[in-house]
1. Take region 66-93 and flag every residue that is over 13 Å from residue 37 (Cβ atoms) and either at pLDDT 90 or above or assigned to a helix (DSSP H, G or I) (or both).
2. Would you pick out the residues in region 76-93 that are touching a residue at least 24 places away in the same chain (Cβ under 8 Å) and under 11 Å from the mean Cα position of the chain (by Cα)?
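The values are calculated or read from the model by the stated rules, or taken from the named source; none is laboratory data. The shown structure was predicted, so the numbers you read here are calculated from the model rather than taken from an experiment. Cβ sites come from the backbone with ideal geometry, for glycine too, and all protein chains shown count toward neighbours.
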């Protein structure tokens, strides 16, 4: 299964969702609280990580920049934490 499919089947970020609707990679943030912009930035970054043509650190840095420009004040740290956790979990870092 590709990371992009994992995003669609699991959490918005690709992490496993528990019975309470919380995701471990999202730092226990409930799915309803993940904004549309953040979710789409995560989808874009996960597609790039899945493709593996760009170094993981560059993908994460670019996603954090997008979050700075287009998402809320706390979004860059959230995006960084989620992508870092997923990259380590999948062995991309």
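1. First, pick out the residues of region 66-93 that are over 13 Å from residue 37 (Cβ atoms): 77, 80-93.
Selection gives 77, 80, 81, 82, 83, 84, 85, 86, 87, 88, 89, 90.
2. Here is the first cut: in region 76-93, the residues touching a residue at least 24 places away in the same chain (Cβ under 8 Å) are 78-79, 81-87, 89-90, 92-93.
Listed by number, the residues that qualify are 78, 79, 81, 82, 83, 84, 85, 86, 87.
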